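Since every read-out is calculated from the coordinates, none of them should be taken as a lab result. Not measured: the values here are computed from a predicted model. No Cβ is skipped: glycine too gets one built from the backbone with ideal geometry, and neighbour counts run over all protein chains shown.
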Amino acid sequence: MDLDALNEITLTWIAIGLLLSAIQLKVTAPYGRHFSRNWGPSISYRLGWIIMEIVSPLTFAHFFWHGSAGKSTAHWFLFALWMLHYLNRSLIYPFRARMGGKEIPLTIVASAVFFNLVNGFLNGYWLGNFAAFSGNWFASANVILGGILFFTGAFINIQSDNILIRLRQPGDRGYRIPQGGFFRWVSCPNHFGEILEWCGYALMAWSLPALSFAIWTAANLIPRALSHHRWYHRQFPDYPKERKAVVPWPSSGG
Ligand code: NDP
């Protein structure tokens with residue numbers, strides 16, 4: 001496949017992501033607190049999570065390794081960022097998160113597998129075949145800014161995941177108002193951090209597939225964060241009023 005064909009597929013994929021985002025503003029994906037039995041058979045949440053997330057690094061690595069381009073330090077750096085993020089997300093996070101006794105619909109697992117297959121393919125294939133980086137790549141403005149965004153996002157994402165994990169004792173399935181970290185400002189800093197991370201990665205890679213993954217991440221997580229935010233307000237009458245849904249920005253007045 002040549003670069004033009006890859007870019008055409010990627011543009012179509014971006015259009016699908018934006019369309020699905022509009023749908024997700026109306027229909028909340030039924031997992032976690034929004035779980036519903038109306039979406040067909042379900043499986044263990046932990047098993048489902050591992051299956052759907054492990055697809056991304058495996059697909060990325062396959063197409064990267066089998067790509068024909070020579071691999072520089074910059075190639076391996078971007079490869080390592082993807083792998084490190086997904087090593088945590090697919091194999092460490094599901095054993096730390098309090099998921100025990102919960103289920104996830106197979107339809108969600110299947111659609112996430114497809115999402116991760118396409119994003120892993122587009123990004124691994126681009127990095128393995130078409131990416132070309134200059135000798136001073138690490139010193140370029142987009143890589144420095146992208147790196148700052150990526151690592152800040154990863155810090156916020158992991159810090160927020162940790163705060164959420166500590167809200168429950170083993171076996172507990174209830175919900176509390178999270179406090180501390182970026183929860184001071186937003187209901188879903190884990191989602192905010194993840195969006196920052198992939199915007200940073202897109203800046204560093206400077207490719208259409210990486211931009212597409214940042215758009216898809218925001219397209220999935222902004223509607224989910226808005227649903228979580230509305231849910232918190234329905235569930236907890238004393239929920240902090242100044243807290244935004246996903247992007248921290250100052251309140252008007254006071
Ligand atoms: P959530 O915030 O919905 O949940 C994260 C974990 O914390 C779950 O185990 C959840 O339990 C628990 N939890 C959340 N809120 C509370 C609370 N108030 N009290 C007690 N426990 C709570 O995150 P997601 O499941 O949507 O995502 C998990 C991670 O995966 C995030 O870091 C996210 O950024 C990432 N992700 C990335 C995507 C992408 O497109 N790149 C797509 C989806 C997720 P329970 O599940 O029982 O509600």
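The figures follow:
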quantity: Ratio Rg/Rh [Cα only; Rh per Kirkwood] for the range 1-68; calculated: 1.08
quantity: Taking 103, 53, 8, 242 and counting other C-beta atoms within 10 Å, the order from fewest to most; calculated: 242, 8, 103, 53
quantity: Under 25 Å from the Cα of residue 244 - lysines, other chains or at least 8 residues apart; calculated: 26
quantity: Translational diffusion coefficient (Stokes-Einstein; Kirkwood radius from C-alpha pairs) of the chain at 4 °C, 1.567 mPa s, in µm²/s; calculated: 67
quantity: Which of 238, 161 has the fewest Cβ neighbours within 10 Å, and the rest in rising order; calculated: 238, 161
quantity: Rounded to whole Å, sorted largest first: equivalent-ellipsoid semi-axes of the range 132-254, Cα gyration tensor; calculated: 32, 15, 13
quantity: For the range 36-131, diffusion coefficient by Stokes-Einstein and Kirkwood Rh (Cα), 4 °C, 1.567 mPa s, µm²/s; calculated: 91
quantity: Helical contribution to [θ] at 222 nm, DSSP H n ≥ 4, -39,500 (n - 2.57), averaged over the chain, rounded to 500; calculated: -21000 deg cm²/dmol
quantity: Taking the range 147-212 and dividing mean pair separation by its residue count, relative contact order in percent (alpha carbons under 8 Å, at least six apart); calculated: 48
quantity: Sequence of 175, 125 once ranked by neighbouring C-beta atoms within 10 Å, starting from the fewest; calculated: 175, 125
quantity: Rg in Å to one decimal, and Dmax rounded to a whole Å, for the range 146-207 via C-alpha atoms; calculated: 13.6, 44
quantity: The range 198-254, Rg to Rh (Cα coordinates; Rh as Kirkwood inverse mean 1/r); calculated: 1.15
quantity: Candidates 139, 110, 214: whichever shows maximal mean-square fluctuation once the chain is modelled as a Gaussian network with Cα springs under 10 Å; calculated: 139
quantity: Net +/- balance of residues flanking residue 131 in space, Cβ distance below 15 Å, scoring K and R +1, D and E -1; calculated: 0
quantity: Interchain or long-range residues, amide H under 5 Å from residue 42's placed H; calculated: 106
